[in-house]
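Reading through the structure tokens given below for one structure.
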């Protein structure tokens, strides 16, 4: 499964719930959730393609550690 596939699966589930919902207000909320999960899927895919390496910053020297 790809990086964003689990989010797409959840989005499809919310979309299916929206189609079965009688209440217009609840239907809109399910559709909003589906759209949000599709955005998360796109972000996850973008992050998965990025070749980013985290390098922590060097430790800072305290004033007492510095020599004049």
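The values are calculated or read from the model by the stated rules, or taken from the named source; none is laboratory data. If you're wondering where the values come from, they're calculated on a predicted model, not measured in any experiment. With ideal geometry, Cβ positions are generated from the backbone for all residues, glycine too; neighbour counts draw on all protein chains shown.
Miscellaneous remarks
- Long-range neighbours under 6 Å by Cβ, at least six apart or interchain, first residue under 24 Å from residue 3 (Cβ atoms) within the range 25-44, second outside any helix (DSSP H, G or I) and modelled with pLDDT under 95: 41/4; 44/3; 44/4
- Which numbered condition residue 5 fails, given (1) modelled with pLDDT of 95 or more; (2) surrounded by 10 or more Cβ atoms within 10 Å (Cβ to Cβ): (1)
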